[in-house]
1. Within the group I105, I96, I79, which residue is without any contact (Cβ under 8 Å) to a residue 60 or more places away in the chain and either out of contact with any Pro (no Cβ under 6 Å at 6 or more places or on another chain) or more than 17 Å from L231 (Cα to Cα) (or both)?
2. Out of E237, E188, E196, E210, report the one residue that is modelled with pLDDT of 95 or more, in the same structural domain as V114 (by TED's automatic domain parsing), of a type outside the set (A, V, I, L, M, F, W, C) and touching a Cys at 6+ places or on another chain (Cβ under 8 Å).
3. At least 2 residues that are within 11 Å of the ligand (Cβ to nearest atom) in each: list the strands (runs of 3 or more DSSP E) lying fully within segment 67-137 that qualify.
4. Considering only segment 25-66, state which residues are among the β-branched types (V, I, T), within 16 Å of the ligand (Cβ to nearest atom) and either part of a helix (DSSP H, G or I) or in contact with a Pro (Cβ under 6 Å, 6 or more places away or on another chain) (or both).
5. For segment 153-169, how many residues meet the condition of being more than 15 Å from the ligand (Cβ to nearest atom) and under 19 Å from L99 (Cβ atoms)?
Amino acid sequence: MKFSIIGYPLAHSLSPRIYNTYFERISVNARYTPLEIKPEEFEERIWEVVRDFRGFNVTIPHKERVTPFVELDEESRIIGAVNCVCEGKGHNTDWIGFLRSLRDIKLVEPVTVVGAGGAARAIVFGLAKLNVKNIHLVNRTIERAKHMAKLFSSIGLRIKVWDLPSLSRAVCESYTLINTTSLGLKGENLPLKPDEMCHLTLVYDVIYSETPLQTVARKMGIPVVDGKAMLYHQAVENLKIWRLLKDPKAFEEVFKEVVS
Ligand code: NDP
């Protein structure tokens, strides 16, 4: 059985190691191959990926762009982003991963979400499921954030949109900060000073390695959730969709071995 992950770049992705180690551990004849597809090659190559792979994951920057090429389930249609495909059907498991990663943590509103890409859409959908009403959306490209806010208004969410230089003003009005951008992956800082964060009750960062945002928040005693739990729970959902969650305990062990 052939599985894949498409994205660009993919060097940072732990998914091939996670899934291939798990497939070997449970003796399933399956292979998970990373396919780097540059944005300019996307339309030419996506059809062959849909045709040739039983299942594949979609990551940065293709989660929204893949939607016209697969048959969307209800949630991925609302979210407008797909991260998991099975036999030509598109699903979004990021929002489930986000909700499960919170466990019993109660989010305090208002919530500032930084980013307006695929991960942000899934997280805002998750926030709607939690009945969070007060959301600030901050993005470098403000038009993208405005477009996202308009889409989510159809499910009753009222989102206030800000540009990235206004991040500290949005955070000042919030108690929870969620970073859904790739900022921090290479050590970049968000445009935010530590003293502008001291009232926060939670910092959530989708990046699963240590970032300056996480380091600063931990030093300040702010509870931090990094992206590992979300990654784990969305992967469990992907395996269910691919009908390969044959040994959940083995998957949990493999995940801990690879992502530590
Ligand atoms: P997208 O390409 O869809 O969106 C990227 C977002 O990051 C956009 O809002 C973009 O802003 C912003 N961004 C990128 N570079 C910069 C920069 N230099 N300065 C400011 N903003 C920037 O990607 P995804 O939403 O799919 O993924 C985002 C991150 O989330 C990735 O690092 C990915 O690995 C991680 N992720 C983690 C998951 C987990 O399970 N832990 C699940 C899903 C994603 P703009 O619109 O202006 O381009």
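The values are calculated or read from the model by the stated rules, or taken from the named source; none is laboratory data. Since we're looking at a predicted model, the values are computed, not measured. As a convention, Cβ positions derive from the backbone with ideal geometry for all residues, glycine included, and neighbour counts pool all protein chains shown.
1. On the way: I105 fails: without any contact (Cβ under 8 Å) to a residue 60 or more places away in the chain; I96 fails: without any contact (Cβ under 8 Å) to a residue 60 or more places away in the chain.
Being without any contact (Cβ under 8 Å) to a residue 60 or more places away in the chain and either out of contact with any Pro (no Cβ under 6 Å at 6 or more places or on another chain) or more than 17 Å from L231 (Cα to Cα) (or both) holds for just one of I105, I96, I79, which is I79.
2. Just a single option satisfies the conditions, and that option is E196.
3. Hits in segment 67-137: 111-114.
4. I46 - this is the single residue of segment 25-66 that is among the β-branched types (V, I, T), within 16 Å of the ligand (Cβ to nearest atom) and either part of a helix (DSSP H, G or I) or in contact with a Pro (Cβ under 6 Å, 6 or more places away or on another chain) (or both).
5. Of the residues in segment 153-169, 3 are more than 15 Å from the ligand (Cβ to nearest atom) and under 19 Å from L99 (Cβ atoms).
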